[in-house]
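Peer 1: Can you read through this structure? Questions will come right after.
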Amino acid sequence: MKKRYLLFCILLVSLLLSSIEVFGAAPPKKREIVYSLNVWDGKDYAAPFYPASSDTIYVMADFENVYSVKETLVYYWPITREYMADWDGLNKDVGETLEVLKGDKVIGEYKKVDYVFYYPKGYWGGGTQLFTGEKARAKKKEYDKAMDKYWKEVDKYYKDYAEYNKKLEEFYKKIQEGKPAGAIPKEPKQPRAPTFYVTDVSKAYVFSLPVGRYTIRAKDKDGKIIPGTVKTLIAFSHRREGIGYDIIPESKWTYPETANDSSDIIYQYREGTLYFQPYKEWEFNELEYNKLSKPQSAGRPDRWVWIHMERAEKIKLNIFSKNNLISQIRERPYYVEQIPGSTLGYNIKLLDRKEYPYATADFTAFKFSVPPTGDYKLVAVDKNGGIIENSDRYIRPITVTDARNIFIASFGPIVIGLIIYIIRRVGR
């Protein structure tokens, strides 16, 4: 019995060790010539990677995009079901010239240029801008100069702070000794780091293309086409423009909803308050837009999707009821006030800049208190009063019938059936 138990334990341990070895093993890697891009997606620059298995590159037309041809190690990652690049293992630039063809005709030959990405609100702040050539080098120089100035100010701040602590100690010592101490020493002001960020200067092919279908290929210094670099390139654009909305219900302000198409109807349970945040939006082919930032993702070529680009500014929202204008709403700042005590809940209040000039709003939005009945139409208008196309949405409050009436009415057939039954029994 003991021998069987010992054999079972040995087999179990062997199985566990073998499974750890299998699942923990590094995936096999293969050298490939790939495309690494920085493409404009309408809001920011995405960084898609095109392995050898991806034969079509998608870019947004009429915007400058960054193209790099690399030799790297490629492996398949089963968890995400996509090919990945091991840039740390191998990251080698390939080619001297990038050619773009329209049909059989070469319409562009591009050499590598210096470029940087400029982040005006910091790396995570959005609003990324692309600079090339001399402007790129100047932007990098500006950032380096700002950082040098900041670090010098930091060094001076620490020295001044040490001197401040020394003076403060002497100040309190004189007070304890009953001697005249004079004015209390002033604490030095901490320096502020630059709010913008600029990447290091890099080299790549940078250009834009009009809408169309192209062929792209890389050539070496001898003018020969590099195997594995010939791919189809599709430059696409949007079909329509409009205004989309993030909608913040007062009852659940942390869970905003969206209304991106004019056919979307906004339902409000009974009367309540909705906060609208309008965005400029473009409508793209789903397949093309998905492939733009995630080349190995799926998408339907027969479907169109609205994409929020940026907050719509200098607009107003008009509310209509039966074609009559009943309200014109302006954007206002709001803050959320938690209800004190053990009671859970919050109140959304208008932030009065006169009363709280330095306070920060939790969000800005257009407020509309939905009446309990009726149908309403929301339309965005520009600063000149013109209606913005594809900005209309219908708002409908949901009225609930008293459930007691439905419950009572459900007994009607039973009562009628019972009466008929009684009449027939009595008639016999």
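Peer 1: Filter the chymotrypsin sites (Phe, Trp or Tyr not before Pro) in the stretch 42-140 down to the DSSP loop ones having no more than 12 other Cβ atoms within 10 Å, then list what survives. Let's see the in-between values first.
Peer 2: Numbers: sites: Tyr45, Phe49, Tyr58, Phe63, Tyr67, Tyr75, Tyr76, Tyr83, Trp87, Tyr110, Tyr115, Phe117, Tyr118, Tyr123, Trp124, Phe131; in loops: Phe63, Tyr123, Trp124.
Those satisfying the criteria are Tyr123, Trp124.
Peer 1: For Asn323 and Ser262 in one chain, what is 0.36 nm times their gap in residues minus the Cα-Cα distance, to one decimal in nm? Each step should come with its number before you reach the end.
Peer 2: Working: separation 61, 0.36 × 61 = 21.96 nm, distance 1.65 nm.
Difference between extended and current length: 20.3 nm.
Peer 1: Please work out which option in [x] 22.7; [y] 19.9; [z] 50.9 gives mean projected area of the Cα convex hull in nm² calculated from these coordinates, and answer with its label.
Peer 2: Given [x] 22.7; [y] 19.9; [z] 50.9, the structure-derived one carries the label [z].
Peer 1: Additional query: Summing +1 for each Lys or Arg and -1 for each Asp or Glu, what net charge is found among the other residues whose Cβ lies under 14 Å from the Cβ of Gln176?
Peer 2: Working: positive: Lys173, Lys174, Lys179; negative: Glu169, Glu170, Glu177.
Overall, the nearby charge balance is 0.
Peer 1: Between Ile175 and Asp375, 0.36 nm times their residue separation minus their Cα-Cα distance comes to what? Intermediate values should be presented prior to the final figure.
Peer 2: Numbers: separation 200, 0.36 × 200 = 72.00 nm, distance 7.35 nm.
Once the chain is fully extended between Ile175 and Asp375, it gains 64.7 nm.
Peer 1: Report the net charge of residues surrounding Trp40, where surrounding means a beta-carbon distance below 12 angstrom and charges are Lys +1, Arg +1, Asp -1, Glu -1.
Peer 2: Working: positive: Lys43; negative: Asp41, Asp44, Asp62, Glu64.
Summing Lys/Arg as +1 and Asp/Glu as -1 gives -3.
Peer 1: Also, quick follow-up: Which of the DSSP-defined H helices in the chain satisfy a minimum axial length of 15 Å, computed from C-alpha atoms, and a minimum mean Kyte-Doolittle hydropathy of -0.5? The partial results should precede the final answer.
Peer 2: On the way: long enough: 2-24 (33 Å, 1.40); 133-176 (64 Å, -1.89); 412-427 (23 Å, 1.63).
Correct list, ordered by number: 2-24, 412-427.
Peer 1: Let me have the 222 nm mean residue ellipticity of the chain computed from DSSP H runs of 4+ only, each contributing -39500 (n - 2.57), with the sum over all residues rounded to the nearest 500.
Peer 2: On the way: 5 runs with 98 residues, N = 428.
Helices in the chain give a 222 nm mean residue ellipticity of -8000 deg cm²/dmol.
Peer 1: Which loop-located trypsin sites (Lys or Arg not before Pro) does the stretch 279-331 contain, where loop means any DSSP state but H, G, I, E or B and the Cβ has at most 14 other Cβ atoms within 10 Å?
Peer 2: Values: sites: Lys280, Lys291, Arg303, Arg311, Lys314, Lys316, Lys322, Arg330; in loops: Arg303, Lys314, Lys322, Arg330.
Within the stretch 279-331, the qualifying trypsin sites (Lys or Arg not before Pro) (loop, at most 14 other Cβ atoms within 10 Å) are Arg303, Lys314, Lys322, Arg330.
Peer 1: Something else about it: What range in the chain is the longest one free of GluC sites (Glu not before Pro) that are in a loop by DSSP and have at most 11 other Cβ atoms within 10 angstrom? Don't jump to the answer; show the numbers that get you there.
Peer 2: Numbers: sites that count: Glu177, Glu313, Glu355.
Counting at most 11 other Cβ atoms within 10 Å as exposed, the longest clean stretch of the chain is 1-176.
Peer 1: Now, a different point. Do you know the relative contact order of the chain, to the nearest whole percent, from alpha carbon pairs under 8 angstrom that are 6+ apart? Intermediate results must be reported in sequence, preceding the final value.
Peer 2: Working: 808 pairs, mean separation 59.5, N = 428.
Relative contact order here is 14 percent.
Peer 1: Right, something else. Do any trypsin sites (Lys or Arg not before Pro) in the stretch 123-165 lie in a DSSP loop with no more than 12 other beta carbon atoms within 10 Å, and if so, which? Before the final figure, lay out the partial values.
Peer 2: On the way: sites: Lys135, Arg137, Lys139, Lys140, Lys141, Lys145, Lys149, Lys152, Lys156, Lys159; in loops: none.
Answer by residue number: there is no such site.
Every read-out reported here was derived from the displayed coordinates using simple, explicitly stated rules and does not represent laboratory data. The shown structure was predicted, so the numbers you read here are calculated from the model rather than taken from an experiment. We place every Cβ from the backbone using ideal geometry, glycine too, and count neighbours over all the protein chains shown.
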